[in-house]
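Working notes, structure below.
Every number in this text was worked out from the coordinates using simple rules, so none of it is lab data. Here the structure is a predicted model, which is why all the values come from computation and not from measurement. Neighbour counts run over all protein chains shown; Cβ positions are idealised from the backbone, glycine included.
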Amino acid sequence: MTRSRGVRREQSGSSWEESTGAASAVQAGDLVLVSGRMPPQQGGAVPGDDEPYQQTLAAFGAAIEALEPFGLGAADVVRTRTYLSHARDAEEARRAHRELFGEVRPAATMVVVAGFSDSRVLVEVEIEAYHGTTGGTA
C-alpha cells in the first residue's frame, strides 16, 4: 500500500502491475477504482476457456476481491465496465453481471474490443466502488 495526499494505492503483487507501474486499486476520496481484471490464470490455464459466462464471473470475482483491503464488496460497486473480444459473448457476460450485481444496479458499460494480450481471454472488467456511507478508510 502507498499513500500520497489522501490517495491510497493497493498492490496485488502481480507481475503486470510491476512491469506496467500500476496499482491493483486506488482510493481517491470516496471512490475506489479497480484496474482491469481478466480471469485469473490457474496453473497456466484461463478458467472457463471459451466460456464467456465463467470468465466474466472469474474476472468480476477478482475485481471484487481487490476491494477487500478497503473494506468494500460487491454491494459498494457503483460502476462496471466489461470489455469483450467477441460481440457473440455479450448475453453470457450480461447474465454473469446480472447474477453478481442485479440487486446493486451499478452504472454499466459493455464494449467489444479488438482482443487481449492473452488470446484465450474473452473478457476483462473494471469496477468502481463508493465507500462514503460504509466506512472505508482513506
Projected-area average for region 2-130 over all orientations - Cα convex hull basis, square nanometres: 7.8
Note, region 82-97: 3J(HN,Hα) by Karplus (6.51, -1.76, 1.60, θ = phi - 60°), whole Hz, Gly/Pro = x, goes 10, 10, 10, 8, 9, 4, 4, 8, 4, 5, 5, 5, 4, 4, 5, 4
Only Cα pairs under 8 Å and at least 6 apart count here; give the relative contact order of region 2-130 as a rounded whole percent. 30
Modelled label-to-label distance, A90 and L33, 7 Å Cα→beta-carbon offset: nm? 2.7
Positive dipole terminus of the chain, leading residue within G115, V7, I64 (C-beta point charges): V7
Would you grab the residues whose amide H sits under 5 Å from the one on S24? Only those 5+ places off in sequence or on another chain, please, with H modelled 1.01 Å from N. E10, Q11, S12
Using a 7 Å offset from the Cα along the Cα-to-Cβ direction at both S12 and D118, what is the distance between the two label points in nm, to one decimal? 1.0
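I'd like the FRET efficiency for V111 and V78, computed as 1/(1 + (r/R0)^6) with the beta carbon distance as r and R0 of 25 Å, rounded to 0.05.
Numbers: r = 18 Å, r/R0 = 0.74.
That pair, V111 with V78, gives E of 0.85.
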Residues with amide H under 5 Å from that of V78, placed H, sequence gap 5 or more: E128, A129, Y130
Which ³J(HN,Hα) values in Hz, rounded to whole numbers, follow from the phi angles of region 61-73 under the Karplus curve 6.51 cos²θ - 1.76 cosθ + 1.60, where θ = phi - 60° and Gly and Pro get x? x, 5, 5, 5, 4, 5, 7, 4, x, 9, x, 10, x
Name the residue, out of S119, S12, S85, whose mean-square fluctuation peaks in a Gaussian network model built on the chain with Cα pairs under 10 Å. S119
Give me the net charge of G102's neighbourhood, meaning all other residues with Cβ under 11 Å from the Cβ of G102; Lys, Arg count +1, Asp, Glu -1. +2
What are the ³J(HN,Hα) values, in whole Hz, obtained from phi via the Karplus relation 6.51 cos²θ - 1.76 cosθ + 1.60 with θ = phi - 60°, for each residue of region 16-31 in sequence order, with x given for Gly and Pro? 4, 4, 5, 6, 9, x, 10, 9, 5, 8, 10, 9, 10, x, 8, 9
